[in-house]
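Bear in mind these aren't lab numbers, they're just calculated from the coordinates by the rules spelled out. All figures in this text were calculated on a predicted structure; none of them were measured in a lab. Cβ atoms come from the backbone with ideal geometry, glycine included; neighbour counts cover every protein chain shown.
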Amino acid sequence: MLFEQAYVIVDLETTGGHITRDRITEIGLILVDGEKVERLEMLVNPGMPIPPFIEDMTGISNGMVADAPDFASLAPALLQKLEGRLFIAHNARFDYGFLKNAFRRVGLAFNANTLCSVKLSRRMYPQFFKHSLDSIIARHGIDLPARHRALADAEAVYRFLLLADQELGREVLLGASRALLAVPSVPSGMAQDLADTLPDMPGVYTLYAASGEALYVGRCLNLRQRIFAHYGSGTLDAKLPRIHESVAAVTWQETLGEFGAALLELRTLHALRPRYNPRACQASELCALQLAAVGEGGFLRVSISLASALDFSRTADLYGLFRSPREAKKALAELARGHKLCPAILGVETVTSRKGQPCVAFKSRRCLGACCAQEEALAHNARLKLALERLKTQSWPYAGAIAVTETDEVTGASLFHVFERWCYLGSGERADGLQGVPVFDLDIYRLLVHWLKKPVPGTVLHELATF
C-alpha cells in the first residue's frame, strides 16, 4: 500500500466552482486497502440546472442526472465508505470542502485528513513548473479515456501516485506525504479521537487543565485547524499563547459565522476568566469621563463616572470607556498634555501652590494658563469640549432594539442576536422573546460599533420595530 493507512482518491464533478451555491453532479472514488482496490462512480441529481459550459466540459447533461439519486439518498452509504480513510484529491481543498458541505446540508458530519496531489507533485517534482492534472497526465504519459469525468480524473491521480512510487521510491513518496500532512499529535490526557471529531467550522473553544480550570478561550473560523495549531510542532501561531500546563480537555461550540463566534467568545471569557487570556484577567470597573457642571471661575470640570452608578446605555454625553478609574485618569492627563489644557483645572495634578499661582505644566509651557488667569474660562472650556469630542461614545442610533441576523450559507440556518442600547439581550432562532437583563459591557459595545461600521459577510441588521 502506498500510504500508511487506507485511503480514498476522490474526484467530483459539480455545477460550478462556488463551494456553497453549486452542487455535486458526479462522484468518483478509488478506495485502497492494502492490495484491495475498489472503484466507484455515481451520478448525482444536483437539484439545479447544469450550466451549458459545465455540460460541455464534463459531458454530463441535465438529462443524464434527471433520474439519478440526490445526494441525501447517497450520503449515509457514502459516509461509511469514506470514514477513517486518508482523503486524497487533486486540489483537495475544493473536493473536500464541497463534499463536507454536501454532508452538512443533510445533517451529517464528515471530517478527514486530506492530502493534495497538487502539493505532492510540487514537492516530489520541483523541476517542473506546472502541476495541473493535465500537466501531470502529459508529462507522465498517462493514457486515460473520458477526461473530466469523476472516476477518470481520480484514476489519473491514482496512476500518478503509482508512477511516482516507481520513479522516486516509497520513502520519497511517504516523506512528502508526511511533511504535507504534518498533523499535530493529540496532547497527553486528551481523547485520541479528537482529530476525528473536531469540525472545520467557526466557533469558540476552551482548553482546560486537569483540575478543571479554564486555561484559554479562543475563537476562529476553523475549529479543527486552530485547536491543532496549539499543539503543532513548530507551527504554533505567534498570536497564540504557549500553554505551560498539560491540557486535559478541550470543549468547543460551533457558531454560524464570524460575528456569532466573536460574541460567544466575549461571553465565555467573562464567564470563565481563563488564565492565559490577558484581557479576561483584567480587573474591570467600567467608567467614563463626563462633563460636570461649571465650577469656580466658570471652568468646566470633568468627572469620572462609574457604570455601577450610572446607566451607560441610556447616558448620551460620555467620553471614552475605560476599565478602571486609574485608566480614565491617565487618559485625561494625556488629553491635557496633548491639548495644553490645565491639569490643575482638570484635577489630574495635585495643586501645592497658592490659589491663582501657575501649575507645573504652565511653567514648562504645557498649559496656556487657565490656572493663573492667563486663559479665560470660555476659551479653556471650548478647547476641552473639542478635545473630548474625539472620545465621545457613540449614541444608540435606533429607536428600539435591533437583531443582527446571521445565516449559514450552506445549511440556510439563521440565528438572531438581539441588542438594545448597546446591551446584549440574547440569541435565538426567533428574534421575539429575547429579553435578557440589559447590562452595558465595554467589549460588546466595541464589537457592535465595529460591526456597524463594517458588517461581516453573512449578517444582516433588522430594526425590530420594523422587523
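Using amide H atoms built 1.01 Å from N in the peptide plane, name the residues 5+ places from Val302, or on other chains, whose amide H lies under 5 Å from its own.
Under 5 Å from the amide H of Val302 lie the amide H atoms of Ala292, each far enough along the sequence or on another chain.
Just want the ordering: His90, His462, from fewest to most Cβ atoms lying within 10 Å of their own Cβ.
His462, His90
Calculate the radius of gyration of the Cα atoms of the range 42-159 to one decimal place, then report Dmax, the largest Cα-Cα distance, as a whole number, both in Å.
Values for the range 42-159 (Cα only, Rg and Dmax): 15.8, 46 Å.
Counting only C-alpha contacts under 8 Å and six or more residues apart, can you give the relative contact order of the chain as a whole percent? Please report the intermediate quantities before stating the final value.
On the way: 799 pairs, mean separation 45.5, N = 467.
Relative contact order here is 10 percent.
Assigning unit charges at the beta carbon (Lys, Arg +1; Asp, Glu -1) and nothing else, what dipole magnitude in debye, to the nearest 20, does the range 287-389 show about its Cα centre?
380
How big is the charge dipole of the range 402-466 about its Cα centre, in debye rounded to the nearest 20, if each Lys and Arg gets +1 on its Cβ and each Asp and Glu gets -1 on its Cβ? If you can, show how the numbers build up before the last one.
On the way: 5 positive and 9 negative charges, 54 e Å.
So the dipole magnitude of the range 402-466 works out to roughly 260 debye.
With a ≥ b ≥ c the root eigenvalues of the C-alpha gyration tensor of the range 402-466, is it rounded (a/c under 1.5), prolate (a/b larger than b/c) or oblate? Show your work: numbers first, answer last.
Numbers: a/c = 1.92, a/b = 1.25, b/c = 1.54.
Oblate, because a/c is 1.5 or more while a/b does not exceed b/c.
Identify, among Leu173, Phe103, Thr14, the residue whose Cα sits farthest towards the positive end of the charge dipole of the range 7-181, taking +1 on the Cβ of Lys and Arg and -1 on the Cβ of Asp and Glu, with the dipole about the Cα centre.
Final value for the positive-end residue is Leu173.
Taking the highest mean first, how do the peptides 417-424, 48-55 order by number of other beta carbon atoms within 10 angstrom per residue? Walk me through the numbers before you get to the answer.
Numbers: 417-424: 22.1, 48-55: 14.2.
My ranking of the peptides, most packed first, is 417-424, 48-55.
Please report the orientation-averaged projected area of the range 1-52, defined via the convex hull of its C-alpha atoms, in nm². Could the numbers behind the result be given before it?
Working: hull surface 18.3 nm².
So the mean shadow area of the Cα hull is 4.6 nm².
Cβ neighbours within 10 Å, averaged per peptide: list 374-380, 8-14, 293-299, 256-262 in order, most packed at the top.
Numbers: 374-380: 15.6, 8-14: 24.6, 293-299: 11.9, 256-262: 22.1.
Ranking the peptides 374-380, 8-14, 293-299, 256-262 by packing returns 8-14, 256-262, 374-380, 293-299.
Could you tell me which of Ala387, Phe362, Gly338 has its Cα farthest along the dipole of the range 287-389 towards the positive end, charges placed at Cβ (Lys, Arg +1; Asp, Glu -1), taken about the Cα centre?
Toward the positive end, the furthest listed residue is Phe362.
Treating the beta-carbon of each Lys and Arg as +1 and of each Asp and Glu as -1, no other charges, what is the dipole magnitude of the chain about its Cα centre, to the nearest 20 debye? Kindly include the intermediate steps, with their values, before the conclusion.
Details: 51 positive and 50 negative charges, 594 e Å.
That gives a dipole near 2860 debye.
Output the 0 to 90 degree angle, nearest 10, between the alpha-carbon long axis of helix 170-181 and the longest principal axis computed from the alpha carbons of the chain.
Taking the Cα atoms of the chain, the angle to 170-181 is about 30 degrees.
Can you put Ser414, Ser427 in order, fewest other beta carbons within 10 Å first?
Listing Ser414, Ser427 from fewest to most nearby Cβ atoms yields Ser414, Ser427.
Could you list, bin by bin from short to long, the percent of Cα-Cα pairs of the chain in 10 Å steps?
Binned Cα distances yield the sequence 4, 15, 19, 19, 15, 11, 8, 5, 3, 0.
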